[in-house]
Amino acid sequence: MSDIADLFKSIALPVMPEVGMALINTLDQPKTSLEKIHSLIAQDPTLSAKLLALANSAAFGLPRKVDSLDHALKLVGLSRIRTLALSACLHNAFSMPEGIDSTDFWRYSTDCAGYAQWFATGLDGKHQIDGNSAWLVGLMLRLGELIIADAQPESVAIIEKLPCAPGERWQREHACVGFDEAEVTAELARRWNFPSDYVHALLLASAPLAEKPITPLAAVVHLGSLLADQPDATADAIETLPVPVMDALGLKYGWMKANFPQPASFINLSQAG
């Protein structure tokens, strides 16, 4: 397709719940109150229940059971609960096309989110980004593949063919439709009125070195995606990552090796229903 707008003209956009759209509008409002987020989420009892299930999962390791949305907001924090709420909305807004394994898709997405958030904690002093933003952008990255699959179902078999090396899916998507999933997700995020820094990071996530100076949010998601393409990765997977991207972020090899996270510790969105 010659223009990404043509891709979107050929499909019906996924329906984001009303509460999800309202939460998106708070992402670039730094003074959003806990009370406002509580009020928005509480409008959807099903979403509230899903958030409690996530907050009580092993990934958070809280010392006691969270038994109310108010309790969750106070223990986990406004930004994290908002991120989880949006993640649950995204998880439920998309149906899985034939040829894409749902379990693997969401395993990849939550791994990418978890790794991106982890990389964000190791950046040098010049490149500070919000960990929750890194997590959410990482989770969203692959959603563009679902849009591509909806528009061109015949491309799924090519894109999903195994084996698939880390990052190779982006190349296959470009060959099939002229865009990769990161670029398509960026356009979806723009249409859903996500903050401009989210859209920009997604647009560059498959090729963060295309712009100088590097955009840190795009770069940590890029690195996270390459690790997510390696299920059950260990610290040795650091050796497979692009050195120029890590160097541009000031990531230290010793820190990465010593603090490499276990994928099993990441949030499992299937617990959101």
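The values are calculated or read from the model by the stated rules, or taken from the named source; none is laboratory data. Quick caveat, the model's predicted, so the values are computed rather than measured. Please note: Cβ atoms are built from the backbone with ideal geometry, for glycine as well, and neighbour counts cover all protein chains shown.
Pick from the stretch 193-214 the residues that are among the hydroxyl-bearing types (Ser, Thr, Tyr) and crowded, with 22+ Cβ neighbours inside 10 Å: which of them is farthest from Gly144 (Cα to Cα)? Looking at residues that are among the hydroxyl-bearing types (Ser, Thr, Tyr) and crowded, with 22+ Cβ neighbours inside 10 Å, I get Tyr198. Taking (1) polar (S, T, N, Q); (2) in contact (Cβ under 8 Å) with a residue 40 or more places away in the chain; (3) assigned to a loop (DSSP other than H, G, I, E, B) in turn, Gln29 satisfies each apart from (2).
Surrounded by fewer than 17 Cβ atoms within 10 Å (Cβ to Cβ) and over 24 Å from Ile129 (Cα atoms) - does that describe any residue in the stretch 73-88? Taking every residue of the stretch 73-88 in turn, none turns out to be surrounded by fewer than 17 Cβ atoms within 10 Å (Cβ to Cβ) and over 24 Å from Ile129 (Cα atoms). The C-beta contact set for the stretch 51-78 (first residue touching a residue at least 24 places away in the same chain (Cβ under 8 Å), second residue part of a loop (DSSP other than H, G, I, E, B) and surrounded by 18 or more Cβ atoms within 10 Å (Cβ to Cβ), distance under 7 angstrom, 6+ apart or interchain) comprises Leu54/Ile267; Ala55/Val66; Ser57/Ile267; Ala59/Phe266; Ala59/Ile267. Condition check for Asp124 on (1) modelled with pLDDT under 95; (2) under 24 Å from Ala59 (Cβ atoms): one failure, at (2).
Please enumerate the residues belonging to the stretch 42-91 that are at pLDDT 90 or above and hydroxyl-bearing (Ser, Thr, Tyr). Result: Thr46, Ser48, Ser68, Ser79, Thr83, Ser87. Restricting attention to the stretch 215-241 and to residues that are more than 16 Å from Leu123 (Cβ to Cβ) and more than 19 Å from the chain's Cα centre (by Cα), the residue that is surrounded by the most Cβ atoms within 10 Å (Cβ to Cβ) turns out to be Ala237. Criterion applied to Leu52, Leu73, Leu84 was being part of a helix (DSSP H, G or I), under 13 Å from Val19 (Cβ atoms) and of a type outside the set (Gly, Ala, Ser), and the one residue passing it is Leu84. When Ser102 is tested against the conditions (1) closer than 30 Å to Leu162 by Cα; (2) touching a residue at least 24 places away in the same chain (Cβ under 8 Å), the lone failure is (2).
The residues of the stretch 112-144 that are within 14 Å of Ala182 (Cα to Cα), in a loop (DSSP other than H, G, I, E, B) and not basic (Lys, Arg) amount to a single one, Leu141. Applying the condition of being over 16 Å from Arg169 (Cβ atoms) and of a type in the set (Gly, Ala, Ser) to the stretch 126-150 and asking which residue is surrounded by the most Cβ atoms within 10 Å (Cβ to Cβ) yields Ala134.
If you go through the stretch 155-168 one residue at a time, do you hit one that is surrounded by 15 or more Cβ atoms within 10 Å (Cβ to Cβ), in contact (Cβ under 8 Å) with a residue 24 or more places away in the chain and under 18 Å from the mean Cα position of the chain (by Cα)? Working first, answer last.
First pass over the stretch 155-168, keeping only residues surrounded by 15 or more Cβ atoms within 10 Å (Cβ to Cβ): 155-156, 159-160, 166-167.
This time we only want the ones that are in contact (Cβ under 8 Å) with a residue 24 or more places away in the chain, so: 156, 160, 166-167.
Of the ones still in play, those that are also under 18 Å from the mean Cα position of the chain (by Cα) are 166-167.
Checking the stretch 155-168: at least one residue is surrounded by 15 or more Cβ atoms within 10 Å (Cβ to Cβ), in contact (Cβ under 8 Å) with a residue 24 or more places away in the chain and under 18 Å from the mean Cα position of the chain (by Cα).
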